[in-house]
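Everything below concerns the one structure shown next.
The values are calculated or read from the model by the stated rules, or taken from the named source; none is laboratory data. Since the model is a prediction, treat every value here as computed from it, not as a measurement. Neighbour counts are summed over all protein chains in view; Cβ atoms, including those assigned to glycine, are modelled from backbone coordinates with ideal geometry.
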Amino acid sequence: MPSAAHKILHDTFGYATFRGEQQAVVEHLAAGGDALVLMPTGGGKSMCYQLPALLRPGTGIVISPLIALMQDQVEALRQLGVKAAYLNSSLAADAAREVLERLRRGDLDILYVAPERLLTSGFLATLEQVQDGPGLALFAIDEAHCVSQWGHDFRPEYRELTVLHERFPAVPRIALTATADAPTRREIVERLALEQARQFVASFDRPNIRYRVTQKANARNQLQSFLETEHPADAGIVYCLSRKKVEETAAWLKEKGWDALPYHAGLDAATRSKNQRRFLREEGVIMVATVAFGMGIDKPNVRFVAHLDLPKSMEGYYQETGRAGRDGLPADAWMTFGLGDVVSMRRLLDSGDAPEERKRLERQKLDALLGFCETTTCRHQAILRYFGEEHPGNCSQCDNCLEPVDTWDGTQAAQMALSCVYRTGQRFGVVHLIDVLLGKSTPQMEKFQHHQLSTFGIGQALSQAQWSGVFRQLVAAGLLTVEMEAYGGLRLTDDARPVLRGEREVWLRRDAEPVKKSNISKAERASRAREAFAGANENPLWLALKAKRTALAKEQGVPPYVIFHDSTLLEILNRRPASLTELGEISGVGQAKLAKYGDAFLGVLEDEANSAG
C-alpha cells in the first residue's frame, strides 16, 4: 500500500514525501477505517482524503459547506489530472444533471457536495445506486466543527450527517477540522457517530507565523506603519469587529493607496462573491473583513493577518491567524489591543440572547485570550498550552522571544488602581478612574465629590498612557472585571483582595512607546522583504516567473496558486532547472502540471539565462 500511495503522491501531486501524520491517515483510510483528523490550517488536510479517494475504487464524496472552496479545490484537482466535480446551488440545472450522470457512470474520482444537497432523498438514492455500481470510495466531512452549536460556524445540516453511517456502513468516513479544543472534538465524535474512528491529532504549532500583539494607540496609523514596513505589496486579511468598521477601514486604506476590499455578511451576495474572487485570483489584495470571511479560504500566499479588534476567543484567534502562511513561507499575525476592546467584547457577549451557561463559557474563552495578549512568555508556547500541547522552548518567532518584555513591580500601582475602583463605588470606567488618580479637576469629579477621595491625585508618578496599561493588565489578570450593567464600569474580583492587603505581588509588562509613524526607508523595507523570501521579491526572474503564472491563470480563469504555489516558484527560482526532468523533481510539480506548464516555465528560465549571458 505505501508504494501505491507514494506513487500517486509523487506522480499526481508532485511531492516526494508525506507531511506529519498524512501517511498514517492515508493508509488507515485506504484500508477502510474511519478517522477524525485534527490538523492546523495549512497542515495538508485535503491530502488526507484526496489521495485515499484515488487509491480506493469508486468515487470519493467530500462534504463541504463552502461553494467558493469547492470550486477552488475542484479547479486545483483538475490541474493535477484528477477527474473532479462539484454539486451545489451555483450550478445550472443542465450542469448539475451532467455531474450526476458522471457520478452514476463512475466517471468521477472525487465529488464535492454541499451538505444540503447531500441530505436530499434524491441524492441519497443516487448514492445507493453508485454504491451498488461503480462504488463509493469514502466520505470526507470537511470543516467538521460545523456540527458544534458552540461555534460561530455552526451548520444545523451537519448534525444530520450520521445518515452516512446509517445507510452506508461499509464506506469509510473521515472528518477533518482545524478547530482543536477538546469540547469541540468530543461534540464531533458524538454528533457524527465517530466513537470507533481513529483520531489523528497533528501538532498545532505554526512555526512560520510570527505572532505580535501591540498596545493600541492609533490603530489605523499603526496598521499603516505595519503594512508599509513589512508588507508593501502582499496579500493579507485585516479583521474588524463590526461591519461599519470594516467599510470605514477598507475605504481609508483605499484612500492611502492600498488595494483593499470590504467583506461582511451585510453586503449583497454578488459583492461578496466579486470581492472574494478578486482576493483569491489577484496578487497583493487586502481583504478587510468580519469573521464572516475566512473559513475555507484556500489562498496559500496570505502573508499577514491583522486584527484591529480583539477576537472572541483563543480558538477564533488561532483559526483567523491560521489563514496566513499556508504555503509554509514566513507570515505575520499582528494585533492591536486595548482596554476598549475588552469593554466592547464583553458588551457583545453579555448583550446576546445566548443562555447563561453559554455566556459563562464565552467569558472564560475571552479571559484566556486576554491572558495571551498580556503574556510576557513565548506566544507559540501560550497558544499550544491552551490546546493541550507542549512547545519545546522559545520560538524566535514572536514579539516576546525576539524582544523580551521588560517587567516591573506594579504592586503599589495595582493597589492604587484597585483602591480607586473601590472608593469610587465600582461603577466608573477607566477614563474617569485615571482622572481621579492623576488629580484632574473635571465637572464629573465635582458632581460625584471624587476630588475629596483619598485616592485623588495619588497616581501622578505615572502618565495617563501608563495608567491605561495598568488597568488593561489588571483586567486581563482577572483582578478587575468589566461590568456591562454599569456601562463598562470596573469592579473588583475576589482575587483583588490579597493584592489590596499586601499579600500578593503584581508584576506588569512595561508597554513599549507607541510608534508614531514608520520612518523606515524603502531600502530597509526591500532588505526585509529580501530576507523573508531569500532574495525573491527584488529578483527580475522571480517577477518574470510570477508574471508567467498570472498569465497562465488568466487564460484558464483560475487563481494563480492553482498553477503553482509560491513555494514551488521559489524552488524553481533557487534551483534553476534546465530540463523537464529536473523541473519534475521540484516539490508541487506533478506529471500533469509538468506536461501542461513545463515548457512555459523553462522558457522563462531560458530567457533569463540568455539575457544574463
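Listed here are the residues, each with its yes/no results for (1) modelled with pLDDT of 90 or more; (2) over 24 Å from E403 (Cα atoms); (3) in contact with a helix residue (DSSP H, G or I) (Cβ under 8 Å, 6 or more places away or on another chain).
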| residue | (1), (2), (3) |
| --- | --- |
| P172 | yes, yes, yes |
| L176 | yes, yes, yes |
| D181 | no, yes, yes |
| L192 | yes, yes, yes |
| E195 | yes, yes, yes |
| F204 | no, no, yes |
Taking the stretch 169-192 and the residues there that are within 19 Å of the chain's Cα centre (by Cα) and not small (G, A, S), the one that is nearest to V62 (Cα to Cα) would be L176
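Only one of A140, A178 is hydrophobic (A, V, I, L, M, F, W, C), closer than 19 Å to A292 by Cβ and in contact with a Gly (Cβ under 8 Å, 6 or more places away or on another chain). Can you tell me which? Don't jump to the end; show me each part of the working.
Values: A140 fails: closer than 19 Å to A292 by Cβ.
Every option except A178 fails the conditions.
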Of the residues in the stretch 136-168, those that are of a type in the set (V, I, T), over 23 Å from the mean Cα position of the chain (by Cα) and not in a loop (DSSP other than H, G, I, E, B) number 1
Those helices (runs of 4 or more DSSP H) completely within the stretch 534-613 that have 1 or more residues that are surrounded by fewer than 15 Cβ atoms within 10 Å (Cβ to Cβ) and without any contact (Cβ under 8 Å) to a residue 12 or more places away in the chain are 540-556, 566-575, 580-583, 591-612
Of those in the stretch 423-441 that are surrounded by 14 or more Cβ atoms within 10 Å (Cβ to Cβ) and of a type in the set (S, T, N, Q), the residue nearest to K216 (Cα to Cα) is Q426
With the first residue restricted to the stretch 156-167 and required to be over 13 Å from A140 (Cα atoms), and the second required to be modelled with pLDDT under 90 and exposed (fewer than 15 other Cβ atoms within 10 Å of the Cβ), Cβ contacts under 9 Å at 6 or more apart or on different chains are P156/Q149; R159/Q149
Out of (1) touching a strand residue (DSSP E or B) at 6+ places or on another chain (Cβ under 7 Å); (2) under 30 Å from D332 (Cβ atoms), the one S468 does not meet is (1)
*Has the stretch 189-208 got at least one residue that is buried (at least 22 other Cβ atoms within 10 Å of the Cβ) and not in a loop (DSSP other than H, G, I, E, B)?*
no
Per the list (1) assigned to a loop (DSSP other than H, G, I, E, B); (2) farther than 22 Å from R363 by Cβ; (3) within 42 Å of the chain's Cα centre (by Cα); (4) not basic (K, R), residue check on Q426 breaks on (2)
When the stretch 383-400 is checked residue by residue, the ones that are surrounded by fewer than 20 Cβ atoms within 10 Å (Cβ to Cβ) and within 22 Å of R472 (Cα to Cα) are D399
Do we find a residue being under 25 Å from G43 (Cβ atoms), outside any loop (DSSP other than H, G, I, E, B), among the hydrophobic types (A, V, I, L, M, F, W, C) and in contact with a Gly (Cβ under 6 Å, 6 or more places away or on another chain) anywhere in the stretch 273-282?
no
Considering the stretch 395-423, residues that are of a type in the set (S, T, Y) and not in a loop (DSSP other than H, G, I, E, B), and then whichever is farthest from V506 (Cα to Cα), we arrive at Y422
Looking across the stretch 263-292 at residues that are among the polar types (S, T, N, Q) and surrounded by fewer than 17 Cβ atoms within 10 Å (Cβ to Cβ), the single one that is modelled with the highest pLDDT is T271
Checked against (1) of a type outside the set (S, T, N, Q); (2) in contact with a Lys or Arg (Cβ under 9 Å, 6 or more places away or on another chain); (3) modelled with pLDDT under 50, A534 satisfies every condition except (2)
Being surrounded by fewer than 20 Cβ atoms within 10 Å (Cβ to Cβ) and either part of a helix (DSSP H, G or I) or at negative phi (or both) narrows D309, D332, D350, D341 down to just D350
Residue pairs qualifying under the 8 Å Cβ cut-off, at least six apart or on distinct chains, with the first in the stretch 95-113 being on the phi < 0 side of the Ramachandran plot and the second being surrounded by fewer than 13 Cβ atoms within 10 Å (Cβ to Cβ) and in a helix (DSSP H, G or I), are R104/Q129
Among the residues of the stretch 460-512, the number that are surrounded by fewer than 15 Cβ atoms within 10 Å (Cβ to Cβ) and part of a strand (DSSP E or B) is 1
With the first residue restricted to the stretch 124-135 and required to be of a type in the set (A, V, I, L, M) and in a loop (DSSP other than H, G, I, E, B), and the second required to be crowded, with 16+ Cβ neighbours inside 10 Å and at pLDDT below 95, Cβ contacts under 8 Å at 6 or more apart or on different chains are none
